[in-house]
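*Asks:* Once you've had a glance at the structure underneath, I'll fire off some questions.
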Amino acid sequence: MSAIDRRFIGYALPAFTVLLEPQRLQRFARAVGMADAQSLSVIPPTFFKAIEGEDNSSRRIIDALGVPLQQVLHVEQQFDYLLPITVGEQVRVERKVADIYEKKGGAMQFIVIESSIFRGDAQLAGRSRQIVLVRRPALASAA
Amino acid sequence: MSSRLGDATVGSILAEYQTEVITRERLALYAEASGDLNPLHLDPAFARKAGFDDVIAHGMLGMALLGRFLTEKFSAAPLSQFSARFTGIIKVDQALLCRARLAARSRNSVTLELEALDAAGKLVISGSAVLATGA
């Protein structure tokens, strides 16, 4: 695969909304083994990932950049929590490709995807920054 | 804010915690609950095609287990930032040892250095968390 075109920096998905249904949060809390999954009052810290991943959105970004799925690995993740989000609330999500860069003379390429999560009252509640490594085919088959 | 956070010296281990074994069933549950249906975590044939011996755990499942550890041990202090570097592959069918160390303290927050080690003692996640402790 050739290098990912840096003109994709700034590529954004259309903003979308996600309803934080209690059942959905409970399912997530159970999947990560939280003891209080039934009586959840706060959002589990990494649930942002499920919110931003609504409707396969991460896959859609990777596809749009023309990167084969078997070459990608999630290597870094950061969340910033600015305002509390409540169970039952509807949030709005914006996602974009913030950067594309390479290391080791192009043997390793990185895609940075940033998301912003807004509460129902339009205030920014949280941010997510994800770094994805794209492994070149030679490297992947040698592993 | 917990006295543990207030009294501990910088560099000391505040909490340690061994997770349950991460089984294939857990990977399937997490995939469904998180919406991350990448077959790398579900389909051994796809995982081999991608260069691995078997399916591997979602890095985000490992981070979620670290997040659970944080909420259980430091529930009194709200999280303001949480980050992770996935430094190694998390193989299926093993538990993670989670550890939190006090990295820094300021007037209204503490920074924890986090790590998750696999069954062989290899560092698979290196992270940090900033907790608000109030003024």
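Throughout, read-outs are computed from the coordinates displayed, never taken from laboratory work. Treat the numbers as computed from the prediction; the structure is a model and nothing was measured. A quick note on method: Cβ atoms are made from the backbone with ideal geometry, for glycine too, and the neighbour counts reach across all protein chains shown.
*Asks:* Between the stretch A:41-84 and the stretch B:1-60, what is the separation of their alpha carbon centroids in Å?
*Replies:* The stretch A:41-84 and the stretch B:1-60 have Cα centres separated by 15 Å.
*Asks:* Could you check the simple spin-label distance between residue A:7 and residue A:129, using points 7 Å along Cα→Cβ, in nm with one decimal?
*Replies:* Distance between the two pseudo-spin positions: 2.7 nm.
*Asks:* If you add up the charges near residue B:32, with Lys and Arg at +1 and Asp and Glu at -1, over every other residue whose beta carbon is less than 12 angstrom from its beta carbon, what do you get? Kindly include the intermediate steps, with their values, before the conclusion.
*Replies:* Details: positive: A:24, A:27, A:30, B:26; negative: B:25, B:36.
For residues surrounding residue B:32, the net value is +2.
*Asks:* Let me confirm one metric for peptide B:81-90, namely the mean number of other chain beta-carbon atoms within 10 Å of its residues' beta-carbons.
*Replies:* That works out to 4 on average.
*Asks:* Shifting gears a bit: Taking beta carbons within 10 Å but only from partner chains, what does the mean come to for residues B:50-62?
*Replies:* That works out to 4 on average.
*Asks:* If the convex hull of the alpha-carbon atoms of the stretch B:58-105 is projected onto planes in all directions, what is the mean projected area in square nanometres? Let's see the in-between values first.
*Replies:* Details: hull surface 16.0 nm².
The number I arrive at for the stretch B:58-105 is 4.0 nm².
*Asks:* Here's a follow-up. Could you line up A:108, B:60 from fewest to most neighbouring Cβ atoms inside 10 Å? Can you show the working numbers first?
*Replies:* On the way: A:108 15, B:60 24.
With the fewest neighbours first, A:108, B:60 line up as A:108, B:60.
*Asks:* Something else about it: Treat each spin label as a single point 7 Å out from the Cα along the C-beta direction, and report the residue B:13 to residue B:132 distance in nm.
*Replies:* 3.1
*Asks:* Multiplying the sequence separation of residue A:103 and residue A:122 by 0.36 nm and subtracting their Cα-Cα distance, what value in nm do you get? Write out the running numbers ahead of the final one.
*Replies:* Numbers: separation 19, 0.36 × 19 = 6.84 nm, distance 3.77 nm.
Roughly 3.1 nm would be gained on extension.
*Asks:* If one takes the longest principal axis of the Cα atoms in chain B, at what angle in degrees, from 0 to 90 and to the nearest 10, does the Cα axis of helix B:24-34 lie?
*Replies:* For B:24-34 against chain B, the angle is about 70 degrees.
*Asks:* Compute the angle between helix A:22-31 and the longest alpha-carbon principal axis of chain A, please, reported from 0 to 90 degrees and rounded to the nearest 10.
*Replies:* Rounded to the nearest ten degrees, it is 60.
*Asks:* Work out the charge dipole of the protein assembly as shown with +1 on the Cβ of Lys and Arg and -1 on the Cβ of Asp and Glu about the Cα centre, then indicate which of B:110, B:69, A:53 is farthest towards its positive end.
*Replies:* The residue sitting farthest along the positive end of the dipole is B:110.
*Asks:* Another question, if that's okay. Once you average over the residues of A:46-53, how many Cβ atoms of partner chains fall within 10 Å of each Cβ?
*Replies:* Details: counts 12, 4, 2, 9, 7, 2, 1, 5.
For peptide A:46-53, the averaged partner shielding equals 5.
*Asks:* Just how many % of Cα pairs in the protein assembly as shown lie over 25 Å apart, if you round to the nearest whole percent? Don't skip to the end; give the middle numbers.
*Replies:* Values: 17740 of 38503 pairs.
Tail of the P(r) past 25 Å holds 46 percent of the pairs.
*Asks:* Turning to a different aspect of this structure: Expressed in nm to one decimal, what extension gain is obtained for the pair residue B:107 and residue B:24 from 0.36 nm per residue of sequence separation less their Cα-Cα distance? Numbers along the way, then the final one.
*Replies:* Numbers: separation 83, 0.36 × 83 = 29.88 nm, distance 4.35 nm.
Taking residue B:107 through residue B:24 to full extension adds about 25.5 nm, to one decimal.
*Asks:* Okay, next question. Please tell me which of these pairs span more than 25 angstrom C-alpha to C-alpha: A:49/B:73; A:96/B:73; A:96/B:49; A:96/B:122; A:49/A:104?
*Replies:* With Cα atoms farther than 25 Å apart: A:96/B:73; A:96/B:49; A:96/B:122; A:49/A:104.
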